[in-house]
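Input: a single structure, listed below in structure tokens.
The values are calculated or read from the model by the stated rules, or taken from the named source; none is laboratory data. Keep in mind the model is a prediction, meaning the values are calculated, not measured. Ideal geometry is used to build each Cβ from the backbone, glycine not excepted, and the neighbour counts take in all protein chains shown. Ligands, DNA and RNA are stripped out before the accessible areas are found, and what is left, the full protein with its side chains, is counted by its heavy atoms. Shrake-Rupley method; radii C 1.70, N 1.55, O 1.52, S 1.80 Å.
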Amino acid sequence: MQHTDIYDILRDEAYVGQKVTVCGWVRTSRDSKNVSFLEVNDGTSLKHIQVVLDKSRFADPAPFLKLGTAVRVTGQAVKGMVQNSVEINAEEVAVLGECPGEYPLQKKRHTLEYLRTIPHLRVRANTFNAIFRVRSVVSFAIHEYFQKNRFTYVHTPILTGSDCEGAGEVFKVTTIGYSDQYKSEEAYYADDFFGQPAGLSVSGQLEGEVAAMGLGKIYTFGPSFRAENSNTPRHVAEFWHVEPEVAFADLHDIIGVAEEMIKYIIQAVLERCGDELDFFERFFEKGLREKLTNVAENDFQVLDYTEAIQLLKKADVDFTYPVEWGCDLQTEHERYITERVFNKPVFVTNYPKDIKAFYMKQNPDGKTVAATDLLVPGVGEIIGCSEREADLGKLLAAMEARGMDQAAYADYLDLRRFGSVPHSGFGLGLERMIMYVTGAANIRDVQLYPRTVGSIR
Ligand code: 4AD
Ligand code: MG
């Protein structure tokens, strides 16, 4: 269907005086004695284009004025009343799709909670127009950053026979529905598609390590799945996961990669999403642009876990969860550190080994591992990162201490047998990154169809 993107017409003076055709949905409309106005949006830009219908030409504009109606408009592009704006004096309007009055998106500002009940329609609201464009720009910037730095993009499997984190949050994959014909679990799995338990991957890390041991620097970027029973504004069952893995890199090196990547993403959003940032600044987070500029221009904080515990113990705050060396940091602790103490991104490093995964490199102190979480104000943890244990003996001991089945990790252990090298990697949750750069407070608002406990559509 021949037409021009509204984005182009709004941005290029050269269209003024030209005859143009645009397509889109009517977002608002106004009727007066001699003229009617439509605000039309085609999704290519956050701003709508105004269409003016002269009643001497359009005697009955009513069918075009209904909110949500899909239209094709042809007319002259002219300078609008507002500075730098362009509008269209309509010569021809065609209704592509009618939209009756019960259309769930009305002119008023709907709450985000209400919009979550209509995921199939909310993409036509400004908030989601802005969020999904930023999500696209961020995704592209992630690829750009890694490609420019010669990381190879690998696709790790989504169906897996192992639980990467050993945390048991795996969704099971089976082709056998409910049945009482099996006498034992073994008999059941023997009959199933893979002949053994299988699930959806919680992380591409283990396979990412395999790839990095030949390709040197790799990244994955795809969906991960977690059957966590956490009904919070930061958890979903299906999220997009960016996982670089770098050979010949220690914790310090990988922290450098993480910081540089975050800054690259933020710079891209600052440069490419001006209208969207104005919108979020107005409706989500005051000072957002200044926050992002500060992050892009300043060093992140690096803070040892042990020092973090000391800071939390000194804090004049009544935490719900008490703080002791050895405890996992709760959201309230993370927020205190990153929002109240530093007010910038903080890498908390060297966590106690007992609260972290088996694959993390054990520090010489025998108590901690070379791991770090990146915490940011407003969201909390956005990155989980570590140097990997490259020593076969130490890795086996860590697995044994956790009662893990070595046979299930045979490939992973082989990497430590054949030319093992120091290597490190991290996982960035794309949705949490989007929350951080947009100021969105709930992860359910940065995905097309969020999946959470008790909710799938
Ligand atoms: O900290 P996590 O669990 O680390 C890993 O999975 C490592 N294997 C990564 C690696 O070293 N390659 O998860 C990494 C990040 C978290 O910091 C968070 O941003 C995101 O993934 N994440 C989630 N995002 C949304 N919903 C969930 N349920 C998430 N679980 C983790
Ligand atoms: Mg983590």
Those lysines that a straight Cα-Cα span of less than 18 Å connects to residue 313, excepting residues fewer than 8 apart in one chain: none
When each of 217/394; 33/66; 263/314; 79/107; 47/344; 263/353 is checked by Cα-Cα distance, pairs over 20 Å: 217/394; 263/314; 79/107; 47/344; 263/353
Neighbour net charge for residue 28 - beta-carbon separation under 9 angstrom, K R +1, D E -1: +2
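Assuming R0 = 56 Å, can you tell me the calculated FRET efficiency for the pair residue 174 and residue 65, based on Cβ-Cβ distance, to the nearest 0.05?
Given R0 = 56 Å and the Cβ-Cβ separation, E is 0.60.
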Helical contribution to [θ] at 222 nm, DSSP H n ≥ 4, -39,500 (n - 2.57), averaged over the chain, rounded to 500: -9000 deg cm²/dmol
The range 252-332: Rg to Rh, with Rh as the Kirkwood radius over Cα pairs: 1.09
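Stokes-Einstein diffusion coefficient for the range 39-196 at 37 °C in a medium of 0.692 mPa s, Rh from the Kirkwood formula over Cα pairs: what value in µm²/s?
Values: Rh = 21.6 Å.
Rounded, D is 152 µm²/s.
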Degrees separating the helix 288-297 axis from the principal Cα axis of the chain, which is the longest one: 50
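I need the semi-axes of the equivalent ellipsoid of the chain: take the C-alpha gyration tensor, multiply each eigenvalue by 5, square-root it, list largest first in whole angstrom.
Over the Cα atoms of the chain, the semi-axes work out to 49, 26, 21 Å.
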Share of alpha-carbon pairs per 5 Å distance bin for the range 189-341, given as whole %: 2, 7, 10, 11, 15, 19, 17, 10, 5, 3, 2, 0
Apportionment of accessible area to carbon and sulfur, the chain, percent (1.4 Å): 50
Leading residue at positive end of dipole, the range 252-399 (Cβ point charges), from 398, 288, 325: 398
Distance histogram in 5 Å bins (all Cα pairs of the range 27-71, percent per bin): 5, 24, 33, 22, 11, 5, 1
For the chain, accessible area per residue (1.4 Å probe, heavy atoms of protein chains only), Å²: 49
The chain - charge dipole about Cα centre, Lys and Arg +1 at Cβ, Asp and Glu -1, debye rounded to 20: 1640
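What is the sum of charges, Lys and Arg at +1 and Asp and Glu at -1, for the other residues whose Cβ falls under 15 Å from the Cβ of residue 434? Walk me through the intermediate numbers first.
On the way: positive: 133, 135, 234, 272, 291, 432, 444; negative: 238, 276, 285, 381, 431, 445.
Charge balance near residue 434 sits at +1.
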Highest to lowest packing among 124-131, 424-431, scored as the average C-beta count within 10 Å: 424-431, 124-131
Neighbour net charge for residue 319 - beta-carbon separation under 15 angstrom, K R +1, D E -1: -3
Charged-residue dipole, Cβ positions (Lys, Arg, Asp, Glu), the range 72-172 about Cα centre, Debye nearest 20: 260
Loop-located GluC sites (Glu not before Pro) in the range 63-162, at most 13 other Cβ atoms within 10 Å (DSSP): 98, 102
q = 0.17, 0.27 Å⁻¹, the range 286-361: log10 I(q)/I(0) [Debye, one scatterer per Cα]: -0.73, -1.28
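Using the per-residue mean of other Cβ atoms lying within 10 Å as a proxy for protection, in what order, highest first, do the peptides 226-236, 400-410, 209-219, 336-346 fall? Before the final figure, lay out the partial values.
Numbers: 226-236: 15.6, 400-410: 11.8, 209-219: 20.6, 336-346: 18.1.
Top of the packing list down: 209-219, 336-346, 226-236, 400-410.
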Diffusion coefficient, µm² s⁻¹, Stokes-Einstein with Kirkwood Rh over alpha-carbon pairs of the range 81-159 at 10 °C and 1.306 mPa s: 91
Order by protection proxy (mean Cβ within 10 Å, highest first), peptides 30-38, 43-51: 43-51, 30-38
Residues whose placed amide H lies under 5 Å from that of residue 227, excluding near-sequence neighbours: 170, 171
Net length gained if the chain between residue 140 and residue 31 were fully extended (0.36 nm per residue, minus Cα distance): 35.1 nm
Crossing angle, helix 251-272 versus the chain [Cα axis fit, 0-90 degrees, rounded to tens]: 0
